[in-house]
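Written out below as structure tokens is the structure these notes cover.
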Protein chains: 2
Amino acid sequence: MADKARRPRAFEEVLLQVERRIADDGLRVGDRLPGERQLAEQLQVSRASVREALRVLETLGVVSSQAGRGPDAGAVLTSRPDSALTGLLRLSLGLSSLTMREVIDTRLMIERWSAEQAARRAAPEPSGAMGEAMRAMEAAGSAEEFVEHDIAFHMAIAEASGNRLIEAVMRALRDAMRRYAIEAVERLGDTGVLREDHRRIHAAITSGDAAGAADAVTAHLAHAYPELL
Amino acid sequence: MADKARRPRAFEEVLLQVERRIADDGLRVGDRLPGERQLAEQLQVSRASVREALRVLETLGVVSSQAGRGPDAGAVLTSRPDSALTGLLRLSLGLSSLTMREVIDTRLMIERWSAEQAARRAAPEPSGAMGEAMRAMEAAGSAEEFVEHDIAFHMAIAEASGNRLIEAVMRALRDAMRRYAIEAVERLGDTGVLREDHRRIHAAITSGDAAGAADAVTAHLAHAYPELL
DNA sequence: CCTGGAGTATGGTCTGACCATACCCGGCAC
DNA sequence: GTGCCGGGTATGGTCAGACCATACTCCAGG
């Protein structure tokens with residue numbers, strides 16, 4: 001007999017219906033969902049079940065709830081995948097179901113790819129975010145501060161890749177491993193090597209040297225996490 | 001005054017406490033959380049709020065709830081990040097906040113990397129999962145069936161990379177784009193090119209040819225999604 | 001020793017109430 | 001007429017308590 005496939009829970013039904021409505025009605029970011037009470041009546045479930053479904057959607061970064069009244073109130077469709085990914089990774093690391101090695105390897109894969117893409121596009125770098133982050137790192141007074149600007153530097157590369165999915169994953173990775181990165185910097189003591197790496201990466205990208213950028217990224221991570229690579 | 005930082009909601013407090021407990025008590029996968037009623041009393045919130053928090057954790061793939069009694073009942077810590085990632089991607093695609101191009105590009109990045117890693121490890125492929133999937137694809141009678149085994153083939157590569165995070169992301173990607181993949185196969189009509197690609201990828205990996213495996217993967221995706229690459 | 005049913009702990013769901021927030025709008029003061 | 005101010009109201013946030021469904025535990029009886 002095998003697959004029992006237990007009766008779906010009420011909130012799962014709500015989830016399906018809402019998802020279907022998003023697809024069928026062509027709802028976009030910024031549109032509003034019906035109120036909790038209204039949704040409950042339409043789907044013949046209790047408001048509590050509707051709320052559980054909305055909580056799931058909120059966790060997935062698909063809706064954002066605001067109390068009160070007016071155009072901004074209620075459950076509004078949004079799109080912020082980062083927070084969900086971050087929570088996911090942080091908890092997975094907390095549960096030791098992922099090793100830091102796996103996270104760093106993933107980061108290496110993403111950063112090599114992003115740097116290559118960014119170098120191929122070459123031109124843009126309109127915001128000058130990478131340069132600004134590099135300057136801020138020079139002036140950083142603590143490991144925390146240094147890492148903060150380091151994240152900004154690497155996120156600028158991910159943004160320059162032009163792929164929002166990869167950018168979101170990268171953001172989540174960095175957020176989840178922030179503490180670990182700070183410890184790594186403290187352990188390292190001198191950040192001179194890292195800053196020099198950044199200069200090389202930046203130079204390779206702005207000069208359009210994709211292969212050089214990828215190699216520089218690889219060397220950089222090896223310097224930052226010698227215990228892993 | 002700027003940052004109001006509205007009062008945290010009750011379930012968010014529960015979330016924090018549970019997360020803290022996981023870290024402090026060193027809880028591992030398989031351990032159980034207190035019952036909903038007990039948690040509600042300990043944290044001085046209603047059971048509804050506890051349930052909303054648990055629903056979030058379940059969404060993130062951190063706990064799994066089972067009714068009834070006994071060792072397997074209650075909220076058990078698990079680790080299945082795939083489902084959360086899948087929902088996230090599926091909804092993001094539904095909301096058009098991600099394009100298929102971004103998803104395919106990400107897939108290309110992951111598959112190239114996985115194939116390279118798998119080739120470097122070379123030896124294993126103990127389960128013969130790749131070969132089995134290839135045989136099943138030969139016998140497939142419909143696009144749906146073909147894609148199902150195609151997913152199995154590519155997941156076998158991701159598994160062979162040895163990185164569970166990347167494997168989880170890959171699983172989510174394939175699940176979220178299943179429908180799109182089926183349509184692509186139907187549009188293509190003849191799967192001969194794809195099957196030949198699979199053979200080349202498999203041969204490169206088993207012979208330890210990392211660069212060849214990566215190139216074969218790139219060619220494969222270009223054949224499958226000519227409109228994008 | 002085995003078997004079956006009562007007991008019970010757990011999640012799943014519903015109801016109905018009340019609070020907090022924030023817009024909307026009408027009326028009042030100027 | 002203009003402006004402010006306060007009630008009305010729709011929305012999410014929270015709670016308490018009840019009942020149902022499920023599945024293990026344990027003990028009585030064969």
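Any read-out appearing in this document is the output of simple, stated calculations on the displayed coordinates, not a laboratory observation. Small disclaimer: the values here were computed from a predicted structure and weren't measured. Because the Cβ atoms are built from the backbone with ideal geometry, glycine has one as well, and the counts that use them run over all protein chains shown.
Considering every alpha-carbon pair of the protein assembly as shown, the percent of pairs per 20 Å bin, from zero through the bin containing the longest distance, is 22, 54, 24, 0.
Using a Gaussian network for chain A with springs between C-alpha atoms less than 10 Å apart, which of these wobbles most: A:A53, A:A115, A:A156? In this elastic network of chain A, the residue with the biggest mean-square fluctuation among A:A53, A:A115, A:A156 is A:A53.
In nm, give the distance between the simple-model label positions of B:E41 and A:R7, each being 7 Å from the Cα along the Cα-to-Cβ direction. It works out to 2.9 nm between the two label points. What separates the B:P8 label point from its copies, with the point 7 Å along Cα to Cβ, is 3.3 nm, written shortest first. Extending 7 Å from the Cα toward the beta-carbon at both B:T218 and B:A139 defines two label points whose distance is 3.6 nm. Give the Debye-formula value of log10 I(q)/I(0) at each listed q (0.09, 0.16, 0.17 Å⁻¹), with one equal scatterer per alpha carbon of chain B, two decimals each. The computed values of log10 I(q)/I(0) come out as -0.51, -1.05, -1.12. Specify the inter-centroid distance of the stretch A:137-200 and the stretch A:72-117, based on alpha-carbon positions, in whole Å. Taking the Cα centre of the stretch A:72-117 as reference, the centre of the stretch A:137-200 is 15 Å away. Helix content alone sets the calculated 222 nm mean residue ellipticity of the protein assembly as shown: runs of n ≥ 4 DSSP H residues at -39500 (n - 2.57) each, divided across all residues, give -22000 deg cm²/dmol.
Shown for B:S64: label points 7 Å from Cα along the beta-carbon vector, and their distances to the equivalent points in the other copies, 3.4 nm in ascending order. Distances between placed amide hydrogens fall under 5 Å for B:V63 paired with B:E58, B:T78, all partners being 5 or more residues away or on another chain. Over all other residues within a Cβ to Cβ distance under 12 Å of B:M109, the charged ones net out to -3, with Lys and Arg as +1 and Asp and Glu as -1.
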